[in-house]
């Protein structure tokens, strides 16, 4: 189905019969570029190279697949918008072809994240009317998702033109977003953002590494917009309205214990699955078997007993310290029918660059 959608979009772009408006054509060019760039990441290596691939993916962030999915969805929405609002100047062949392009739901579905889509489907999106005006420009937060682990904000700017230019900070244009900072108290969060339509971006962030977030608080959001003489500052009320299941200190396999790995808790919500673990202090390594914290990680896919795999959305960790090292990964939400979750840890079988091993950990899920 996804391949068919790409082909349909490509056909609309390339056929001379479809008179696509120039603005739509430019947006489609960017979308197809994003899709093509994502093709390489669609084929992950298997066998001995799989763990090494996972490590490289963890270092650069695992957003290529999400970005590609969002690009396809954005193209569908873009064409749908053109078809619905511009039928007066679109050719009959273009209007006819539009009937075969699926219309995506709301903005959280468009982002390509199963958790945010689930939040939208389950009514967990909280509307917001918060705005700030600087130098004649107005930005605001239209919708909020918060499940106690992840925060997602729909940020928009009033007026025409793009709010996000694909991350090209060397060529900023007036009205474009060139930086986002977020914090809670003394805790700095690490937001990422992506285009979600003209004048709109999706800003997503995790809980801080060393402190959990309360169920209700105000998020300090600072937006740097090109052309504004000062940043836009917003205090965004966020409140968790999602059910949460916490599995404390699940049983860890002997193979992990010997390597100094302890899984502290697993947090399940309709939006996110989060796994928090740590590496024990070096002083406890009496047998000399602990793996350096920089050399092991939770594999970028976990699975359940139904055979479904869940991809990693983000992660963070401390470097190897004498006192140990905290780590966490966030994954897509787990199917509510699953009874068991399998985590996989990639780590060296031996030192000095020997092949990596893969150790699995089965976790029974509460009913």
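Observations
- Among the residues listed as 210, 160, 229, the single one being loosely packed, with under 13 Cβ neighbours inside 10 Å, modelled with pLDDT under 85 and more than 30 Å from residue 299 (Cβ to Cβ): 160
- Test: residue in the stretch 311-318 that is touching a helix residue (DSSP H, G or I) at 6+ places or on another chain (Cβ under 9 Å), buried (at least 16 other Cβ atoms within 10 Å of the Cβ), more than 21 Å from residue 248 (Cβ to Cβ) and without any contact (Cβ under 8 Å) to a residue 60 or more places away in the chain: no
- Matching entry among 266, 359 (being surrounded by 15 or more Cβ atoms within 10 Å (Cβ to Cβ), at pLDDT 95 or above, assigned to a strand (DSSP E or B) and not assigned by TED's automatic domain parsing to the domain that holds residue 124): 266
- Flag if residue 298 is more than 16 Å from residue 147 (Cα to Cα) and under 24 Å from the mean Cα position of the chain (by Cα): yes
- Restricting attention to the stretch 215-273, the residues that are under 22 Å from residue 116 (Cβ atoms) and in contact (Cβ under 8 Å) with a residue 40 or more places away in the chain add up to 22.
- Among the residues of the stretch 179-197, those identified as touching a residue at least 60 places away in the same chain (Cβ under 8 Å) and either surrounded by fewer than 19 Cβ atoms within 10 Å (Cβ to Cβ) or out of contact with any helix residue (DSSP H, G or I) (no Cβ under 8 Å at 6 or more places or on another chain) (or both) are 190, 192.
The values are calculated or read from the model by the stated rules, or taken from the named source; none is laboratory data. Quick caveat, the model's predicted, so the values are computed rather than measured. A quick note on method: Cβ atoms are made from the backbone with ideal geometry, for glycine too, and the neighbour counts reach across all protein chains shown.
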